[in-house]
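The values are calculated or read from the model by the stated rules, or taken from the named source; none is laboratory data. A quick note: this is a predicted structure, and the numbers were derived from the prediction, not measured. FYI the Cβ positions are ideal-geometry reconstructions off the backbone, even for glycines, and counts take in every protein chain you see. Please note that ligands, DNA and RNA were not included when accessible areas were found on the heavy atoms of the full protein model with its side chains. Shrake-Rupley method; radii C 1.70, N 1.55, O 1.52, S 1.80 Å.
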Amino acid sequence: MFKHQGNSRTLQHNLRIATFLSFVAGVVNVSGFLAFKQLTTNVTGHFALFINDVSEFNFWKGLVYFLYIFSFLFGSFLSSFLIEKFKGNKQLNVYVLPTVIECLVLLVIGVLSNIIIMSADLVVCLLLFAMGVQNSFVTKISNAVVRTTHLTGLFTDLGIDLSHLLFPKSQHQKQRRKADIKLRIYIIAFFFAGGLVGGFMYSSLNWELNTLIFAALVLLASLFYDDMRYHLIKTKRRFIPKRSQ
């Protein structure tokens, strides 16, 4: 799911990556909100608050929301920059780099939260940075088919796809539309599941920001799963031709 790019990607590849990453985003979203009462997976609300503060000449207060927005933007920029810089290296899976960066950010926040008292604004900036990284690389690897950190566009696209099912189209178009609907439902469902799990761990189990360590481990598990599956498929392809000879 991380190795296949462009035309080689299938619905199954997108479903797998959407499952892992939307779940992680759901955990981060709930954890950030419960800890700081701030949105940590998208910037729409922060942009509105930034404009409101600027319009009331509360520039210093608005600066915080500007930093939130910039953190998400910088995460997206860095992720795309690394992918473009190293995509010519055939020995390197460039999509692993942003994923590892996101894992490290989540792990550092989770671990340090048990040792020191961190600035709430700094942690929110770091979480938005991590979600910018994630949203950028999953957008690039899926050709903008999969987005996992916020749901507004997903519900819009889902509504459009559902409405198109009511009108007669060719069988190919119907199958493609149903595949898009399935993908969007997967993303929404696992974002919701991640939120439920994250909320339960944060509040009921008193894990607090240790939930971010759990999210990082899920990300790492997705990398190991993808690598193991890739090598298993390569092994099978080597073995089957030998048997057929």
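A quick yes/no check of all residues on (1) under 29 Å from TYR225 (Cβ atoms); (2) not aromatic (Phe, Trp, Tyr):
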position	(1), (2)
ASN52	no, yes
ASN58	no, yes
PHE66	no, no
LEU82	yes, yes
PHE86	yes, no
TYR95	yes, no
LEU107	yes, yes
ASN114	yes, yes
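Residue check: ASN58 meets all listed conditions (1) out of contact with any Phe, Trp or Tyr (no Cβ under 8 Å at 6 or more places or on another chain); (2) surrounded by 15 or more Cβ atoms within 10 Å (Cβ to Cβ); (3) over 28 Å from TYR202 (Cβ atoms) but one, namely (2).
The rows are residues; the columns are (1) at pLDDT 90 or above; (2) over 21 Å from the mean Cα position of the chain (by Cα); (3) more than 15 Å from GLN134 (Cα to Cα).
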| site | (1), (2), (3) |
| --- | --- |
| ARG9 | no, no, yes |
| SER31 | yes, no, yes |
| THR40 | yes, no, no |
| LYS61 | no, yes, yes |
| VAL64 | yes, yes, yes |
| PHE72 | yes, no, no |
| LEU82 | yes, no, no |
| VAL94 | no, no, no |
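You will find that of ILE141, ILE181, the residue that is in contact with a His (Cβ under 9 Å, 6 or more places away or on another chain) and open to solvent by less than 60 Å² (accessible area, probe 1.4 Å) is ILE141 and no other. Looking across the stretch 146-167, the residues that are over 22 Å from PHE33 (Cα atoms) and either touching a Phe, Trp or Tyr at 6+ places or on another chain (Cβ under 8 Å) or surrounded by fewer than 18 Cβ atoms within 10 Å (Cβ to Cβ) (or both) come down to THR156, ASP157, GLY159, ILE160, LEU162, SER163, HIS164, LEU165, LEU166, PHE167.
Among the residues of the stretch 61-92, which ones are surrounded by fewer than 16 Cβ atoms within 10 Å (Cβ to Cβ) and among the small types (Gly, Ala, Ser)? Of everything in the stretch 61-92, just one residue is surrounded by fewer than 16 Cβ atoms within 10 Å (Cβ to Cβ) and among the small types (Gly, Ala, Ser), namely GLY88.
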